[in-house]
1. If you check residue B:18 against the conditions, is it among the aromatic types (Phe, Trp, Tyr) and more than 7 Å from every other protein chain (Cβ to nearest Cβ)?
2. Among (1) surrounded by fewer than 19 Cβ atoms within 10 Å (Cβ to Cβ); (2) over 30 Å from residue B:111 (Cα atoms); (3) within 14 Å of chain B (Cβ to nearest Cβ); (4) within 14 Å of the chain's Cα centre (by Cα), where does residue A:30 come up short?
3. Out of everything in region A:32-75 that is in contact (Cβ under 8 Å) with a residue 40 or more places away in the chain and polar (S, T, N, Q), what residue ends up being nearest to residue A:115 (Cα to Cα)?
4. Out of region B:76-90, which residues are more than 10 Å from DNA strand C (Cβ to nearest atom), in contact (Cβ under 8 Å) with a residue 24 or more places away in the chain and in a helix (DSSP H, G or I)?
5. Just for region A:64-79: of the residues that are within 14 Å of chain B (Cβ to nearest Cβ) and within 11 Å of DNA strand D (Cβ to nearest atom), which one is farthest from the chain's Cα centre (by Cα)?
6. If a residue has to be part of a helix (DSSP H, G or I) and more than 13 Å from chain B (Cβ to nearest Cβ) to count, how many in region A:45-57 make the cut?
7. Mind telling me which of the residues B:82, B:60, B:7, B:93 ends up being surrounded by fewer than 21 Cβ atoms within 10 Å (Cβ to Cβ), more than 9 Å from every other protein chain (Cβ to nearest Cβ) and within 26 Å of residue A:17 (Cβ to Cβ)?
8. So residue B:12 passes all but one of these: (1) more than 13 Å from DNA strand C (Cβ to nearest atom); (2) under 16 Å from the mean Cα position of the chain (by Cα); (3) without any contact (Cβ under 8 Å) to a residue 40 or more places away in the chain. Which condition number does it fail?
Protein chains: 2
Amino acid sequence: MNPNVFDDPRITAVGLLFEVHAGLSARFAAQLDEHGLSPVEFEVLTRLARSPGAQLRMTDLAAQTSLSTSGVTRVVDRMERDGLLTRRACPSDRRSSYAVVTPAGLSRLDGCLPGHLQIIEDWFTGQLDPSALDAVLDGLRRVRDAVNPCATAGSGDDPEEGTGPC
Amino acid sequence: MNPNVFDDPRITAVGLLFEVHAGLSARFAAQLDEHGLSPVEFEVLTRLARSPGAQLRMTDLAAQTSLSTSGVTRVVDRMERDGLLTRRACPSDRRSSYAVVTPAGLSRLDGCLPGHLQIIEDWFTGQLDPSALDAVLDGLRRVRDAVNPCATAGSGDDPEEGTGPC
DNA sequence: AAGCAACTATACGCTAGACAACATTCCCCG
DNA sequence: CGGGGAATGTTGTCTAGCGTATAGTTGCTT
């Protein structure tokens, strides 16, 4: 019927990509867990921290993450309860509210980052010599530009920068 | 405090990888949805279809997917209800049971695959010329071998082949 | 033969997130 | 002005899935 459709090189390629993603994700999650953060919370924290004023409107936050607006509401609820974030009313638009990183949130993030970077280096970037790494990154960048054109305009290669409102 | 920690090339690298993954995942999910399959169900179906006899023991299925054993029970329940799978008693070990793909399940899978492959080609492999693609795949393979050593022994580059029992 | 390990299924509670409905607010256009 | 539509955030409802504990069955080892 389908004599080894699964040996198709396209399947292989996606398989590799997804395996690498899964492996890294698992290691990230384990390390973040040591600091009491879920991957989503870490993503929210980094998104906010790298934004001007360490704040973003809820909608923009949703657009930049993999979350829906209601998902953002829930995550921010949790993180506000934990003291990592605060809501602040937007002066110019009373419908909007900002999610703002608190000092506690920033220090929590700072506690995570070194270990996070170390994992990346140990399991990803450090596994390849510089030229091979560049080749991989160039390729990924091209694919990213196709798959997620919004990100191209952004500051750099931010993960899922502007996922939503394309 | 952290003057642009986020421009660290390591962050960039992971960002690219995750963005590509997210973009492809979203497109896969949309296409599978047209065929009434969730990504997990598709994964289960492909796992089974590529196994000898189009069947696997529940435990092995759990090991090869991102699911727990109880999770597999649930998914197989659903898919059995939908007629895509059947449970069959294992002759050699009466504790075990096989999940077997039904003809309906196979044809459902066959209906998905062309579109699935097309997406891969359109958004991933076709975006790079052969040599660049090879470079990316070689790099990913090396990283995969580090991050998920179990997969190396397998038939090829199966996604998450043997994720569980390492 | 007996006890221990493995495999599956199930029930419980729990979390996360999507989707749709909602109230509020803004803004454009008549 | 003023009304309708769009945007924004929140909430209720629903599904999916995990983790744990429990149980029943079977296989294996001693």
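1. Working: among the aromatic types (Phe, Trp, Tyr): yes; more than 7 Å from every other protein chain (Cβ to nearest Cβ): no.
Here the answer is no, as residue B:18 does not meet what is asked.
2. (4)
3. Step one: list which residues in region A:32-75 are in contact (Cβ under 8 Å) with a residue 40 or more places away in the chain, which gives A:32, A:34-37, A:41-46, A:48-50, A:53-58, A:62-66.
Keeping just the survivors that are polar (S, T, N, Q) gives A:46, A:55, A:64-66.
Details: A:46: 15, A:55: 24, A:64: 24, A:65: 22, A:66: 23 Å.
Top of the filtered list is A:46.
4. Passing the criteria: B:78, B:79.
5. First pass over region A:64-79, keeping only residues within 14 Å of chain B (Cβ to nearest Cβ): A:64-68.
Still in the running and within 11 Å of DNA strand D (Cβ to nearest atom): A:67-68.
Values: A:67: 11, A:68: 14 Å.
Checked region A:64-79; the qualifying residue farthest from the chain's Cα centre (by Cα) is A:68.
6. Number satisfying all stated conditions: 1.
7. Working: B:82 fails: within 26 Å of residue A:17 (Cβ to Cβ); B:7 fails: more than 9 Å from every other protein chain (Cβ to nearest Cβ); B:93 fails: within 26 Å of residue A:17 (Cβ to Cβ).
Criteria check complete, one pass: B:60.
8. Among (1) more than 13 Å from DNA strand C (Cβ to nearest atom); (2) under 16 Å from the mean Cα position of the chain (by Cα); (3) without any contact (Cβ under 8 Å) to a residue 40 or more places away in the chain, the lone unmet condition for residue B:12 is (2).
The values are calculated or read from the model by the stated rules, or taken from the named source; none is laboratory data. This structure is a prediction, so every number in the text was calculated from the model and none was measured. Here Cβ is always computed from backbone atoms with ideal geometry, including for glycine, and neighbour counts include all displayed protein chains.
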